[in-house]
Amino acid sequence: MNETQEFWNKRYEENTTGWDLGQVSPPIKEYFDQIEDKDLKIIIPGCGNAHEAEYLHKQGFKNVFLVDIAPLALENFSKRVPGFPKEHLIHADFFKHNNLYDIMVEQTFFCAINPALRQDYARHAAEILKPGGKLIGLLFNDELNKDHPPYGGCKTEYLMYFEPFFNIKVMNTAYNSVKPRQNRELFIILAKK
């Protein structure tokens, strides 16, 4: 379990990013489409190719911030979406990032981190969300791998991590996942306690 900056950067160098859908995930897009306030401050940690951020940017959202440990992921995004504010691209370890946000978007970051860090993820997500802030997105409801990312899990396990810090508004099987992930993803809306 050696998920370092070098590990992730190499994945982008070699284009071995099988988790990347090449588009905004439909359940997340549907959530974005009902947000009226384009000034909300939104973070996407472990953003990778950040199709969600590209979509938000094109829809006129002004305060979207991307955090990734792999500088190449941020560079690739910047080249693909040149109009996105460079100062909103943050090369950092999510667990050491400490700004405040209205929404945190989860899209394949949770399954990429070492499972030993999941409680820390839940705690830190709550710490960087403003009062009433939300953690939204997708979690794999599937076992997947034990010794390398992506790491899977199940709803019962996830509730253990998130319930101390969040009110669980939604944690259900996504009805509109892409075909390869149908019945394997939980859509979440978690409100900071």
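Every number here is computed from the coordinates shown, using simple stated rules; none is lab data. Please read these numbers as outputs of a predicted model, since none were measured by experiment. Don't worry about glycine lacking a Cβ; one is built from the backbone with ideal geometry, like all the others, and counts go over all protein chains shown.
The sum of -39500 (n - 2.57) across all DSSP H runs of n ≥ 4, divided by the residue count of the chain, sets its helix-only mean residue ellipticity at 222 nm to -8000 deg cm²/dmol. Backbone amide hydrogens, once placed in the peptide plane, bring Gly153 within less than 5 Å of Asp142, Glu143, excluding anything fewer than 5 places away on its chain. Taking a Cβ cut-off of under 12 Å around Met104, the surrounding Lys, Arg, Asp and Glu residues balance to a net charge of 0, with basic ones at +1 and acidic ones at -1. From least to most packed, judged by other beta carbons within 10 angstrom and beginning with the fewest, Val24, Val105 follow the order Val24, Val105. Here the label points at Asn99 and Glu157, each 7 Å from Cα along the C-beta direction, are separated by 3.1 nm in the simple model.
With 10 angstrom as the radius, rank Phe65, Phe166 by how many other C-beta atoms surround their C-beta, starting from the fewest. Write out the running numbers ahead of the final one.
Working: Phe65 20, Phe166 23.
Neighbour counts put them in this order, fewest first: Phe65, Phe166.
Only Cα pairs under 8 Å and 6+ residues apart enter the sum, and on that basis the relative contact order of the chain stands at 20 percent.
Checking the a/c ratio against 1.5 first, then a/b against b/c, what shape does the Cα gyration tensor give for the chain? Verdict is rounded for the chain. Per-residue Cβ neighbour counts within 10 Å put Met160, Met171 in the sequence Met160, Met171, beginning with the fewest. Amide H to amide H distances under 5 Å link Ala174 with Glu185, Leu186, Phe187, where only residues 5 or more positions off or on other chains count and H is placed in the peptide plane. Rounded to the nearest 5, what % of the DSSP beta bridges within the chain are antiparallel ones? Antiparallel bridges: around 50 percent, rounded to the nearest 5.
Take every DSSP beta bridge whose two residues both sit in region 118-193, then give the antiparallel share in percent to the nearest 5. If you can, show how the numbers build up before the last one.
Working: 16 of 17 bridges.
DSSP beta bridges in region 118-193 are roughly 95 percent antiparallel.
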